[in-house]
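Have a look at the structure below, then the notes.
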């Protein structure tokens, strides 16, 4: 690597250490939405940047993890004429204990190539956006979040058996959260089909979507499992969806 490229790489590394990690994925048809991941004390947060004001993944120091509406958004629902759900948490589980040696997988965000259809997001000098890809058809790009206590230098080679360790963040209590990426084969059967989606209960968080014959195209959907305690969250992003109200 020549001196100019090395200096640019070191500058990017320094900026990533000072701010939240922002990332996106590209494929043959387009891009994912952009995502962010950051620590706050001993807690760690992950979310699509366009939704962070309404919903995010929270990995708490207590071990309780949630996909939940933000408190501000939840409290705003009655003012919009919308009902509040009984709990802000849409999914809740307790992650496995962080081991003294090795690492534990807590959550993954998966981006199937066929649903990467958005325009490219732009970063800024102080808020760099890293774009990963190109993801070939039939494949998906997975970002896994791992908790560990062992020194990261000792874990790199073990992480490489799973994927590519990208960046590690040390929480205030010494726990390390490492983001590991990999290209995987995508199995569409993990996604819900149209029939169960039509019959599934749900809540609407936009007033205009309650109108008869409402339809909106070009949306992004997030689908996830309901992890048992000690298991991992698997969340999938699908771009190019249509929301249509059934009469």
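What to note about this one:
- Whole-angstrom gap from the range 202-232 to the range 80-109, using each part's C-alpha centre: 17 Å
- Applying 1/(1 + (r/R0)^6) with R0 = 35 Å to the Cβ-Cβ distance of residue 40 and residue 134 gives a FRET efficiency near 0.60.
- Cα long-axis angle, helix 3-18 against the chain (0 to 90 degrees, to the nearest 10): 60 degrees
- Over the range 32-85, the pair-distance histogram of Cα-Cα distances with 10 Å bins from zero comes to 24, 46, 27, 4 percent, rounded to whole numbers.
- Whole-number percent relative contact order across the range 150-247, with pairs defined as alpha carbons under 8 Å at least 6 apart: 19 percent
- Tail fraction, Cα-Cα pairs, the range 192-247, threshold 19 Å, whole percent: 39 percent
- Two-site label geometry, residue 120 and residue 213: point separation in nm, points 7 Å out along Cα→Cβ: 4.0 nm
- Ordered by the number of other Cβ atoms lying within 10 Å of each residue's own Cβ, fewest first, 235, 241 fall into the sequence 241, 235.
- Each stretch of four or more DSSP H residues adds -39500 (n - 2.57); spread over every residue of the chain, this sum gives -4000 deg cm²/dmol at 222 nm.
- Each DSSP beta bridge with both residues in the chain is either parallel or antiparallel, and the antiparallel ones are about 90%.
- Gain on full stretching of the segment that runs from residue 153 to residue 80 - 0.36 nm per residue minus C-alpha separation: 21.3 nm
- The chain: most fluctuating residue of 85, 137, 165 per GNM, C-alpha cutoff 10 Å: 85
- Relative compactness, the range 105-242, computed as alpha-carbon Rg over 2.2 N^0.38 Å: 1.26
- When only alpha carbons of the chain are considered, Rg and Dmax amount to 19.0, 63 Å.
- Ascending count of other beta-carbon atoms within 10 Å, so fewest first, for 117, 110, 204: 204, 117, 110
- Taking all Cα pairs closer than 8 Å and separated by 6 or more residues, the relative contact order of the range 28-167 comes to 24 percent.
- When the square roots of the Cα gyration tensor eigenvalues are ordered a ≥ b ≥ c, the ratio a/c for the range 135-208 is 1.5 or more and a/b does not exceed b/c, which makes its shape oblate.
- Note on the range 66-154: the alpha carbon radius of gyration divided by the globular reference 2.2 N^0.38 Å gives 1.53.
- Annotation: the residues 26, 65, sorted from fewest to most other C-beta atoms within 10 Å of their own C-beta, follow the order 26, 65.
- Relative contact order, whole percent, for the chain stands at 21, derived from Cα pairs under 8 Å and 6 or more residues apart.
Since every read-out is calculated from the coordinates, none of them should be taken as a lab result. Small disclaimer: the values here were computed from a predicted structure and weren't measured. As a convention, Cβ positions derive from the backbone with ideal geometry for all residues, glycine included, and neighbour counts pool all protein chains shown.
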